[in-house]
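Asker: What follows is a single structure, and I will ask about it in a moment.
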Amino acid sequence: MKDPIFQRVSVRKFTDAPVTDEQVERLLRAAMAAPSATNQQPWEFYVVRDPEKLMELSRCHEYSMCVKNATLALVPCYRKEARHPEYLHLDLSAATENILLEAVQMGLGGTWLGIAPVPDRMAKMREILDLPEGLEAFAIVPLGQPERDKPRQDRYDPSRVHTL
Ligand SMILES: Cc1cc2nc3c(=O)[nH]c(=O)nc-3n(C[C@H](O)[C@H](O)[C@H](O)COP(=O)(O)O)c2cc1C
């Protein structure tokens, strides 16, 4: 049994193996299982399979090139109107991490590509996805079957632990 937390690594190169709609639903179920402030669940998700759109996403910013290798990309977005707007990015972070961890469980891989809170990137995403006024893109998560098994780092550092 894989432990997804310790198996997860950013994957930027993928095989041509398909990712089914059922697999996408499972990833999004995992995303929506995330905790959120007062359970506000401010998320919406775009599923991008169209190769031309994936190419546009790969040009969103200088570190998003790997999207062009991906089978698909999920784009977690958030509704700007929320009970607790100060927690929007935290809520979306939890949902995005859940996608990455569930992907590992399913033998898939992906990477979190940062969009919010960088204004230029958010504006570019609005253009690419034709987002409605009330939504902002939070991240791009390219996904697919990993091309190779990448080594994991053990980052545990006891000097960062402070016991009182
Ligand atoms: C908020 C955030 C933004 C990130 N943005 C990018 C990005 O734009 N491009 C990219 O290739 N990786 C991006 N990453 C992935 C990190 O580079 C990666 O998580 C880090 O190097 C640690 O490697 P690991 O994920 O394999 O453990 C981002 C990760 C986070 C959490």
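The values are calculated or read from the model by the stated rules, or taken from the named source; none is laboratory data. On a predicted model such as this, the values are computed, not experimentally measured, just so you know. Note that each Cβ is placed from the backbone with ideal geometry, even for glycine, and that neighbours are counted across all protein chains shown. For accessibility, only protein heavy atoms count, side chains too; no ligands or nucleic acids. Shrake-Rupley method; radii C 1.70, N 1.55, O 1.52, S 1.80 Å.
Asker: DSSP loop trypsin sites (Lys or Arg not before Pro) in region 1-108 with at most 12 other Cβ atoms within 10 Å of their Cβ, which ones?
Answerer: Working: sites: Lys2, Arg8, Arg12, Lys13, Arg26, Arg29, Arg49, Lys53, Arg59, Lys68, Arg79, Lys80, Arg83; in loops: Lys2, Arg8, Arg12, Lys13, Arg49, Arg59, Lys80, Arg83.
The qualifying sites are Lys2, Lys80, Arg83.
Asker: Which semi-axes, in whole Å and largest first, does the equivalent ellipsoid of the chain have when worked out from the alpha carbon gyration tensor as the square roots of 5 times its eigenvalues?
Answerer: Gyration-tensor ellipsoid for the chain: 24, 22, 15 Å.
Asker: Please list, in chain and number order, the residues 5+ apart from Phe14 or on another chain whose amide H is under 5 Å from its amide H, with Hs placed from the backbone.
Answerer: Under 5 Å from the amide H of Phe14: Glu147.
Asker: Give the carbon-plus-sulfur fraction of the accessible surface of the chain in %, rounded to a whole number; probe 1.4 Å, heavy atoms of protein chains only.
Answerer: Taking all protein chains in place, the chain shows 52 percent carbon and sulfur surface.
Asker: Additional query: Compute a Gaussian network model of the chain, connecting alpha carbons closer than 10 Å, and tell me which residue from Val67, Val104, Val141 fluctuates the most.
Answerer: Result: Val104 has the largest fluctuation of those listed.
Asker: Shifting gears a bit: Could you go through region 106-114 in sequence order and give the Karplus-derived ³J(HN,Hα) for each residue, using 6.51 cos²θ - 1.76 cosθ + 1.60 with θ = phi - 60°, rounded to whole Hz, and x for Gly and Pro?
Answerer: 9, x, 9, x, x, 9, 8, 9, x
Asker: Please list, by residue number, every one of the chymotrypsin sites (Phe, Trp or Tyr not before Pro) in region 96-164 that is coil in DSSP and has at most 15 other beta-carbon atoms within 10 Å.
Answerer: Tyr156
Asker: Work out how much length Glu86 to Lys68 would gain on full extension: take 0.36 nm times their residue separation and subtract the Cα-Cα distance, in nm to one decimal. It would help to have the intermediate numbers written out before the result.
Answerer: Details: separation 18, 0.36 × 18 = 6.48 nm, distance 3.26 nm.
Fully extending the segment from Glu86 to Lys68 adds 3.2 nm.
Asker: Once the Cα atoms of region 62-141 are picked out, what are the Rg and Dmax in Å?
Answerer: 12.9, 37
Asker: Quick check on the chain: of the DSSP beta bridges with both residues there, what percent are antiparallel, nearest 5%?
Answerer: Bridges in the chain are about 95 percent antiparallel.
Asker: Then there is this: Below 24 Å Cα-Cα, how many Lys pairs turn up in the chain? Only count pairs eight or more apart in sequence, or on different chains, if you could.
Answerer: Step by step, the pairs that qualify in the chain add up to 12.
Asker: Within the set of other residues whose C-beta is less than 11 Å from the C-beta of Met125, count the net charge using Lys and Arg as +1 and Asp and Glu as -1.
Answerer: -2
Asker: Here is a follow-up. When the Karplus curve 6.51 cos²θ - 1.76 cosθ + 1.60 is applied with θ = phi - 60°, which whole-Hz ³J(HN,Hα) does each residue of region 44-61 get, with x for Gly and Pro?
Answerer: Here the 3J(HN,Hα) series is 9, 10, 9, 10, 10, 10, 4, x, 5, 5, 4, 5, 4, 4, 5, 9, 4, 8 Hz.
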